[in-house]
Amino acid sequence: MNNSETLREKFKLVFGYQPSYYYFVPYRICTLGAHIDHQKGIINGFTPDIGINMVFSPNAGKKVNIYSEDYAEKASFDISNYKIEKGRWISYSQAALSSLKDYGYEITRGFDAIISGSFPVGGLSSSAAVTIQYINAFCTAANYHISNDKLITVAHGAERNHIGLNCGVLDQACIILSKKDSLLYYDTLTGEIESIPFPSQSKKFRIGIFFSGVEHSLISSDYNKRTAELREGFDILRRHTCIKDDSEPVLRRIPADVFEKYGGELPDNVYRRCLHYYTEMQRVKEGTKLFREGKTEEYGRLITESGQSSVENYEAGSPELTALWEILKSTRGVLGARFCGAGFKGNCFALTDPDFEIEIEEKVKEAYLRAFPAFKDKYKSVFIGTTDGTGANNSL
Ligand code: GLA
């Protein structure tokens with residue numbers, strides 16, 4: 001993992017002077033509430049102590065110059081004349097800038113930066129984490145203080161309006177609002193937040209992250225196709241409600257009993273996507289209560305059920321990631337497992353009994369690589385701690 005010292009040295013080499021700032025923005029793990037944030041649902045998650053590191057300095061001109069350690073490449077653009085280069089890693093800094101402009105921030109200075117992720121991308125929400133890094137860098141250069149709520153909105157706007165992913169605010173809310181050793185409960189409709197401390201010593205668990213080796217972009221996945229299917233469900237179910245024409249087309253507006261009564265009118269695929277939404281809402285409600293009561297084993301079971309619904313009803317997952325999840329859920333000592341995020345690539349995570357950590361690492365690796373030997377050099381796993389979310393003050 002790169003620490004700030006290594007990055008500082010690299011910065012000196014690339015840009016020829018010392019950087020002024022070092023920021024760390026964590027990734028996020030979504031324990032429950034998968035694929036319901038874009039429907040204004042409720043979510044659970046936390047921030048692991050791994051994420052994106054960046055050193056940077058505002059520069060005197062209008063250029064953004066970034067060297068990515070992960071892509072071993074330098075890219076630049078002019079803040080007053082650029083296009084969003086979709087599909088390239090640099091697009092997230094361009095999207096961050098465009099979103100800041102959408103929300104009225106005047107950005108007149110660029111910056112030089114070295115950026116580096118601490119785990120292979122995929123499902124840990126590295127795109128939201130880098131976007132937040134860039135927003136913080138632009139704001140630091142312009143001397144803007146941006147509130148947590150605004151940071152969530154601008155970062156979400158960057159991905160949704162400029163990258164083109166029809167996502168909700170799960171990633172941004174977790175990354176910004178989580179507290180160390182606590183589970184975040186967040187209502188993406190009302191903004192209600194609760195930080196639930198991890199249970200005391202006797203009920204301790206460990207969190208493992210398992211990288212499948214699959215890296216590709218969510219934009220080329222079925223992510224937006226699924227949100228379109230949910231929209232179709234909304235349009236059909238809405239006819240049985242008195243929801244106004246101009247109200248936001250999200251399932252949160254449609255009560256569960258309307259789905260229960262009229263779900264039969266939906267095409268099969270749409271029915272199953274909606275079923276995922278309503279059952280996942282229920283799991284977050286129940287799970288939050290169980291976690292508050294310190295019932296981590298029961299909470300773990302809900303995580304696995306969420307994984308099951310994501311695979312069967314939401315049809316997320318790739319063959320590799322689904323196989324990894326299947327292995328995890330049948331491994332001794334795993335209390336619960338699912339994809340870290342959307343599930344189309346990248347990483348699974350597991351809540352584990354600390355006594356089985358080594359056994360889990362060995363068994364999962366052995367079983368996964370037996371099924372997918374081609375990922376021998378890419379597969380990896382790590383047991384992590386948690387950290388505070390980044391908070392907007394990170395930039396000051
Ligand atoms: C991605 C999106 C989030 C969320 C998850 C799935 O990470 O960016 O908004 O929908 O997938 O839960």
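Looking at segment 219-240, I want the residues that are closer than 23 Å to Y262 by Cβ and have a partner that is charged (D, E, K, R) and at pLDDT 95 or above with Cβ atoms under 7 Å, at least 6 apart or on another chain. Which pairs are those?
R226/R273; E229/R273; L230/R273; G233/R273; I236/E265
Out of all the residues in segment 125-162, which are in contact with a Phe, Trp or Tyr (Cβ under 9 Å, 6 or more places away or on another chain), modelled with pLDDT of 95 or more and within 10 Å of the ligand (Cβ to nearest atom)?
Correct list: A128, E159.
Could you please find all residues in segment 158-171 being within 13 Å of L97 (Cβ to Cβ) and surrounded by fewer than 22 Cβ atoms within 10 Å (Cβ to Cβ)? Working first, answer last.
The initial filter retains those residues of segment 158-171 that are within 13 Å of L97 (Cβ to Cβ), namely 158, 161-163.
N161, H162 - these are the residues of segment 158-171 that are within 13 Å of L97 (Cβ to Cβ) and surrounded by fewer than 22 Cβ atoms within 10 Å (Cβ to Cβ).
Does at least one position in segment 207-220 carry a residue that is assigned by TED's automatic domain parsing to the domain that holds I360, at pLDDT below 95, within 11 Å of the ligand (Cβ to nearest atom) and crowded, with 18+ Cβ neighbours inside 10 Å?
The answer is yes; a qualifying residue exists.
Can you pull out the residues in segment 362-378 that are assigned to a helix (DSSP H, G or I), without any contact (Cβ under 8 Å) to a residue 60 or more places away in the chain and not hydrophobic (A, V, I, L, M, F, W, C)?
E362, K363, K365, E366, R370, P373
Taking segment 81-105, which residues are hydrophobic (A, V, I, L, M, F, W, C) and part of a loop (DSSP other than H, G, I, E, B)?
Restricting attention to segment 81-105, the residues satisfying the condition of being hydrophobic (A, V, I, L, M, F, W, C) are 84, 89-90, 95-97, 100.
Those that are hydrophobic (A, V, I, L, M, F, W, C) and part of a loop (DSSP other than H, G, I, E, B): I84, W89, I90.
Provide a single number: the residues in segment 72-91 that are at pLDDT below 95, surrounded by 15 or more Cβ atoms within 10 Å (Cβ to Cβ) and out of contact with any strand residue (DSSP E or B) (no Cβ under 9 Å at 6 or more places or on another chain).
0
Table: residues versus (1) among the basic types (K, R); (2) farther than 28 Å from I209 by Cα; (3) within 16 Å of the ligand (Cβ to nearest atom).
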site: Y21; (1), (2), (3): no, yes, no
site: V25; (1), (2), (3): no, no, yes
site: K40; (1), (2), (3): yes, no, yes
site: I79; (1), (2), (3): no, yes, no
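The values are calculated or read from the model by the stated rules, or taken from the named source; none is laboratory data. Keep in mind it's a predicted model, so treat the numbers as computed, not measured. FYI the Cβ positions are ideal-geometry reconstructions off the backbone, even for glycines, and counts take in every protein chain you see.
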